[in-house]
Amino acid sequence: MYNVWENALAEIEQKISAGNFSTWFQDTSLLSAEDGHVVIGVKNSFFIKQLQSKFLDVIKAALINNGVEVKDINFEIQAKVKSKVRPREVVAPTQIGQKLPSIKHLKGTKNFTSGLNSKYTLDNFVVGSNNDLAVAAAKSIINKPGTSYNPFFLYGGSGLGKTHLVQAIGNEILKNHPDYKVLYTPISDFYADFVDSVMKGKGKEFSNKFRSLDVLIIDDFQLIVNKEKSQEEFFNIFNNLHQSNKQIIVTSDRLPSEIKTVDERMANRLTWAGAFDLQLPKFEDKCAILRSKANLTGAEIEDEAIEYIAENVNTNIRDLESELSTILLMSDVRGLTPLELINNGSINVVHEPKLRPTTPKRIVDKVAKSFNLTTSELKSKSRVAHIKNARQVAMYLLSEELHLSTPKIALEVGVKDHSTVIHGIRKIKNDLKLNFTLRDQIAEIKGKIYD
């Protein structure tokens, strides 16, 4: 019964929003399904109301598709329901009971399983200043897979939409090329399948099947640490696919050069076409994301409530969606609008990044070291291009990381005119749009600032 419900949940997850799935299907279980009379266990009466009014049809369809006869569906409150589903934080099908394609499934397009979640499309991916460059590259890949941005390396912190974007690329490519073999797999599953193939003496078969792909999407590449044989196998597969102009897409929470056990050859190849990062969304971006998610679920929420959430969640998109779901749930339960809940103190939203506090001096020191300069050289009056560029990077980071005023930044980097700071920050922002080496360097400096 447990496996049936897990499989049904996997299907439900593909048909509803992430917020609804994690809110309403967390802590549910299939208690019985005798003679078509289905009983589902839930936490409380509020869940019964929501599941009956909004999700009855999707539950019924998922159960029928998994071989369960359904005459009627009832819900029963269980004091201690053992959770049968994890919140969908990392969109890897294995986390909700849906097995990723093993090597034996990679034999032909008819029986081929991509591992993609069809819900993830570019249409429901909110584009903002934090991700517009990555989305532009994604669209180029969709139009010309294997030729534009190959490999495509996407990195950024947890919960910023990496998995969504790369799966959207895969889904769009399949829409345009139904005969293509597109495979999405976390690196942990690649590793597990590789080990299994070696143990069974099927290493060559493993290699050949992966090399038959048109598009390979590897998620969470940073987890390949200390797996030398898997790295070597991936390196060989990578070279073969790339030489055949097959599209390779890789995500990670950091640059390849920052993964200490990754071979230098592999690190260099992964960023041949540059590295694109997803950054924390700005206030306007967060408002757009929240409004989009609310519209997708048909929920009503005031603009002031949206702005309140956006102002107080400064971690990632996942936390934004979680807070939105919580407020909408409480709004429905208590019969108050989201703004009324906020105004009467029922909601207290605060999410701040857990970073070690830094100082202007530390930022300037780290920038100087990255450019092989002393701090005194960076803060000097020298107009040598290399030193001037380092000084402008320091200005940019002091503004982005500490939100210092331009006069204060001028003081920290040794310039007199705050208009020079404004020009320097603007120049770095413009350079970041096309200068991938600079993007990587600044990302590396940021990491060291908070070591």
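Is it the case that ALA299 is assigned to a loop (DSSP other than H, G, I, E, B), farther than 18 Å from TYR450 by Cβ and in contact with a strand residue (DSSP E or B) (Cβ under 7 Å, 6 or more places away or on another chain)? Judged against the criteria, ALA299 is not a match.
The requirement of being free of Cβ contacts under 8 Å to residues at least 12 places away in the same chain and acidic (Asp, Glu) is fulfilled somewhere in region 249-265, by at least one residue. The number of residues in region 369-387 being in contact (Cβ under 8 Å) with a residue 12 or more places away in the chain, assigned to a loop (DSSP other than H, G, I, E, B) and of a type in the set (A, V, I, L, M) comes to 1. For the criterion of being more than 16 Å from GLY170 (Cα to Cα) and at pLDDT 90 or above, SER244 passes.
Of the candidates ILE173, ILE169, the single residue that is of a type outside the set (Lys, Arg) and under 27 Å from GLU444 (Cβ atoms) is ILE169. Inspect all residues belonging to region 399-409 and state whether any of them is surrounded by fewer than 18 Cβ atoms within 10 Å (Cβ to Cβ), farther than 22 Å from GLN279 by Cβ and of a type outside the set (Gly, Ala, Ser). Yes, because at least one residue in region 399-409 is surrounded by fewer than 18 Cβ atoms within 10 Å (Cβ to Cβ), farther than 22 Å from GLN279 by Cβ and of a type outside the set (Gly, Ala, Ser).
Per-residue answers, yes or no, for (1) surrounded by 19 or more Cβ atoms within 10 Å (Cβ to Cβ); (2) without any contact (Cβ under 8 Å) to a residue 24 or more places away in the chain; (3) under 26 Å from LYS162 (Cβ atoms):
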| position | (1), (2), (3) |
| --- | --- |
| GLU302 | no, no, no |
| ILE306 | yes, yes, yes |
| ILE309 | yes, no, yes |
| SER322 | yes, no, yes |
| SER325 | yes, no, yes |
| LEU329 | no, no, no |
| ARG334 | no, yes, no |
| PRO338 | yes, no, no |
| ILE342 | yes, no, no |
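A single member of SER197, SER148 is out of contact with any Phe, Trp or Tyr (no Cβ under 6 Å at 6 or more places or on another chain) and of a type in the set (S, T, N, Q), and it is SER148. Inspection of region 169-187 finds no residue satisfying the criterion of being hydroxyl-bearing (Ser, Thr, Tyr), over 29 Å from VAL127 (Cβ atoms) and modelled with pLDDT of 90 or more.
Would you confirm whether any residue within region 439-450 is farther than 22 Å from GLN279 by Cα and surrounded by fewer than 19 Cβ atoms within 10 Å (Cβ to Cβ)? No, that holds for no residue.
How many residues, within region 388-418, are among the small types (Gly, Ala, Ser), assigned to a helix (DSSP H, G or I) and touching a Lys or Arg at 6+ places or on another chain (Cβ under 8 Å)? If you could, list the steps in order and put the result at the bottom.
Here is the first cut: in region 388-418, the residues among the small types (Gly, Ala, Ser) are 390, 394, 399, 405, 410, 414.
Narrowing further to those that are assigned to a helix (DSSP H, G or I): 390, 394, 399, 410.
From the residues that got through so far, the ones that are touching a Lys or Arg at 6+ places or on another chain (Cβ under 8 Å) too are 410.
Summing the residues that are among the small types (Gly, Ala, Ser), assigned to a helix (DSSP H, G or I) and touching a Lys or Arg at 6+ places or on another chain (Cβ under 8 Å) in region 388-418 gives 1.
Would you mind telling me which numbered condition in (1) crowded, with 17+ Cβ neighbours inside 10 Å; (2) closer than 28 Å to GLN441 by Cα ALA294 fails? Every condition holds for ALA294 apart from (2). Among the numbered conditions (1) open to solvent by 60 Å² or more (accessible area, probe 1.4 Å); (2) more than 32 Å from the chain's Cα centre (by Cα), the only one that SER382 does not meet is (1).
Candidates are the residues of region 44-79 that are surrounded by 13 or more Cβ atoms within 10 Å (Cβ to Cβ) and among the small types (Gly, Ala, Ser); the one that is nearest to ASN3 (Cα to Cα) is ALA62.
Condition check: out of contact with any Ser or Thr (no Cβ under 6 Å at 6 or more places or on another chain), among the aliphatic types (A, V, I, L, M) and within 19 Å of ILE218 (Cβ to Cβ). Does LEU270 satisfy that? Give the steps one after another, and end with the answer.
On the way: out of contact with any Ser or Thr (no Cβ under 6 Å at 6 or more places or on another chain): yes; among the aliphatic types (A, V, I, L, M): yes; within 19 Å of ILE218 (Cβ to Cβ): yes.
Judged against the criteria, LEU270 is a match.
Against the condition over 20 Å from GLY159 (Cα atoms), in contact (Cβ under 8 Å) with a residue 12 or more places away in the chain and either open to solvent by 20 Å² or more (accessible area, probe 1.4 Å) or basic (Lys, Arg) (or both), how does SER207 come out, does it pass?
It is false that SER207 is over 20 Å from GLY159 (Cα atoms), in contact (Cβ under 8 Å) with a residue 12 or more places away in the chain and either open to solvent by 20 Å² or more (accessible area, probe 1.4 Å) or basic (Lys, Arg) (or both).
On the given criteria, is VAL198 under 29 Å from ALA443 (Cβ atoms), modelled with pLDDT of 85 or more and either within 22 Å of the chain's Cα centre (by Cα) or not charged (D, E, K, R) (or both)?
Values: under 29 Å from ALA443 (Cβ atoms): no; modelled with pLDDT of 85 or more: yes; either within 22 Å of the chain's Cα centre (by Cα) or not charged (D, E, K, R) (or both): yes.
So VAL198 fails the test.
The values are calculated or read from the model by the stated rules, or taken from the named source; none is laboratory data. Since the structure is predicted, the reported quantities are computational estimates derived from the model, not experimental observations. Don't worry about glycine lacking a Cβ; one is built from the backbone with ideal geometry, like all the others, and counts go over all protein chains shown. Side chains included, ligands, DNA and RNA excluded: accessible areas come from the protein's heavy atoms. Shrake-Rupley method; radii C 1.70, N 1.55, O 1.52, S 1.80 Å.
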